[in-house]
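Only one structure is covered here, and it is reproduced in the block below.
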Amino acid sequence: SIKFEAENAIDETITASIYAKEFKLNHKIINISYNNYMSVIDTLIKNKKSPLHPIEPALYIASQKIKDDGYTNILTGCNADGKFGGLDGLLSKDWELNEFIKKYSFVNSKNVLKKSDDMSYVYKKYTIDNKIDIQSFLNEIFGYDTYISFSNGINSAGCKLIAPFAFLKLKNKLDIQRIRNGESKYFLREVFKKRYKNLSQIPKKIAFARPMDKWLYNWSGPKREEFIKGIDMSN
């Protein structure tokens, strides 16, 4: 399990230890600090040749530790959220094109770059009557991006990513109403309950909780020439 060192950071190792004990797994906790995180960013960007997703440094550091312990195959749940309805916030409504772009984007490039390209054509491919076909978008765009991020983080450390969910397909579309009624990843939860009857309490879905708000609280902003000077980092 990965544990981030930051004040009030979400600690998933407590629940993970319960599951590890139930499944008779050796449980190792990998602590990641701000300095650890920042020290590997350049390596990962050079390997990927593009900006990083915030999960990549953590995966890289964890993979290095795993390799040091003599293991190279890393089994993950990568792509389960996009394919099986784990992203209930994005699936919560029928989004119009522009509001979905705003919801999905980390930041509007126009607000930070001196020169930026309009990327709306990516979203328009998945638009029907100005509404986003969210399931197709998540399976293809989000799914691809997630897989590449996991691959870069893990493979750069000399390990192999194993992601069975990335290659699974649902025969029928997800029951969106069930997800909107609070049953995110209902299909996987049902399988879990049948397989692990002693663990009736399934943890609430938490995104890979990096404490970026704490770590970057005093960050003054980017210094490279591509960026607009004097960006207000408070937002």
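Being in contact (Cβ under 8 Å) with a residue 60 or more places away in the chain and either under 24 Å from Ser184 (Cβ atoms) or open to solvent by less than 100 Å² (accessible area, probe 1.4 Å) (or both): is that true of Thr127 here? In short, no. May I ask you to verify whether Lys229 is among the basic types (Lys, Arg) and either modelled with pLDDT of 85 or more or over 25 Å from the mean Cα position of the chain (by Cα) (or both)? Here the answer is yes, as Lys229 does meet what is asked.
Yes or no: segment 100-110 includes at least one residue that is open to solvent by 40 Å² or more (accessible area, probe 1.4 Å) and in contact (Cβ under 8 Å) with a residue 40 or more places away in the chain. No, segment 100-110 contains no residue that is open to solvent by 40 Å² or more (accessible area, probe 1.4 Å) and in contact (Cβ under 8 Å) with a residue 40 or more places away in the chain. Can you name the condition, by its number, that Gly86 falls short on among (1) open to solvent by less than 70 Å² (accessible area, probe 1.4 Å); (2) at pLDDT 95 or above; (3) in a loop (DSSP other than H, G, I, E, B)? It fails just one condition, (2). Test Ile45 against the stated conditions and say whether it is at pLDDT 90 or above and either open to solvent by 20 Å² or more (accessible area, probe 1.4 Å) or in a loop (DSSP other than H, G, I, E, B) (or both). It is true that Ile45 is at pLDDT 90 or above and either open to solvent by 20 Å² or more (accessible area, probe 1.4 Å) or in a loop (DSSP other than H, G, I, E, B) (or both). When Ala6, Ala16 are screened for being buried (at least 16 other Cβ atoms within 10 Å of the Cβ), free of Cβ contacts under 8 Å to residues at least 24 places away in the same chain and among the small types (Gly, Ala, Ser), only Ala16 passes.
Would you call Lys28 open to solvent by 40 Å² or more (accessible area, probe 1.4 Å) and modelled with pLDDT of 90 or more? In short, yes.
The values are calculated or read from the model by the stated rules, or taken from the named source; none is laboratory data. Quick caveat: nothing in here was measured; it's all calculated off a predicted structure. When we count neighbours, we look across all protein chains shown, and the Cβ atoms used for this are built from the backbone with ideal geometry, even at glycine. Each accessible area value is taken on the protein alone, full model and side chains, heavy atoms only, with ligands, DNA and RNA left out. Shrake-Rupley method; radii C 1.70, N 1.55, O 1.52, S 1.80 Å.
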